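Taking it in order: structure first as structure tokens, then the write-up.
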Amino acid sequence: MPNPTSARFNFVLVPLLVTLVRFQATVQCYQYKVGDLNAWGIPTSANKQVYDKWSKYHNLTIGDSLLFLYPPSQDSVIQVTVESYKSCNLKDPILYMNNGNSLFNITSKGDMYFTSGKAGHCQKNQRLHITVGIGGNNALAPNSLPEYAPSYPAVFGSIPMSPSSSPRTTSKFSLMIIGFLLSALLSSLT
């Protein structure tokens, strides 16, 4: 049995323990389709506050991403300041996205503001305010979500989910393999 205080033992054991802890960490990042709708567009008259309601039901964190779907010939998405959001000012956006399949990666905490880049759409409530990581958006439990859903046409079809967009956790099998390798390495030191 190797001496636990020897330099050789510590040289091998410490990196292995660090690796094991890293494998046990669970990373959960989600991709949210904005509004849970089939398209980013002007809300219907029956549900004018769809984006306000949507943001309140999602607790967004760093690493998550927002997916805006829309016909690129008819719309766009811009990230704006709070002042521009309140006044629907489309000039000098922070970020401009116009490919119809716009993905915004959340990389910092705080309030973020988005609106359509088309004139007149913001005034018709096609805008979104999110809060990331500072108490969240007061996300509610799934059973408290409204039973209705706005009726938007399925213009683009469903979003194919890649393995990288679903939450991932480390399997017990991989931890068993790491444990086996660690045991084999430690036994070879004797």
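What follows draws every value from the coordinates through simple rules; no lab data is involved. As the structure is a computational prediction, the values presented were derived from the model and not from experiment. Quick reminder, even Gly has a Cβ in these numbers, built from the backbone with ideal geometry, and neighbours come from all protein chains shown.
Here are a few things to note about the model shown:
- Amide H contacts of Ile106 (H built 1.01 Å from N, under 5 Å, at least 5 apart or other chain): Gly63, Asp64, Ser65, Leu66
- For the stretch 124-131, Karplus couplings with θ = phi - 60° (6.51, -1.76, 1.60), whole Hz, Gly/Pro x: 9, 6, 8, 7, 9, 10, 10, 10
- Proximal lysines relative to Lys91, as straight alpha-carbon distance under 16 Å, when same-chain residues fewer than 8 apart are discounted: Lys118
- 5 angstrom amide H check on Leu128, placed H, neighbours 5+ away: Phe114, Thr115
- Stretching the chain fully between Leu95 and Ser45 yields a gain of 15.2 nm (0.36 nm per residue, less the alpha carbon separation).
- Taking a straight line from the alpha carbon of Lys124, these aspartates and glutamates sit under 15 Å away, with near neighbours fewer than eight places off in the same chain left out: Asp52, Asp75.
- Extension gain for Ser87-Lys33 works out to 16.9 nm (0.36 nm per residue, less the C-alpha to C-alpha distance).
- Each residue of the stretch 82-98 was assigned a 3J(HN,Hα) from its phi angle through the Karplus expression (A = 6.51, B = -1.76, C = 1.60, θ = phi - 60°), giving 4, 5, 5, 5, 5, 9, 6, 8, 8, 7, 6, x, 5, 8, 10, 10, 9 Hz with x at Gly and Pro.
- Computed FRET value (nearest 0.05) for Ile178 with Lys109, which takes r as the C-beta separation and R₀ as 45 Å: 0.85
- Taking other Cβ atoms within 10 Å as a rough exposure proxy, Ser65, Ser45 sort from fewest to most as Ser45, Ser65.
- For Lys118, distant residues with modelled amide H under 5 Å away: Ser76
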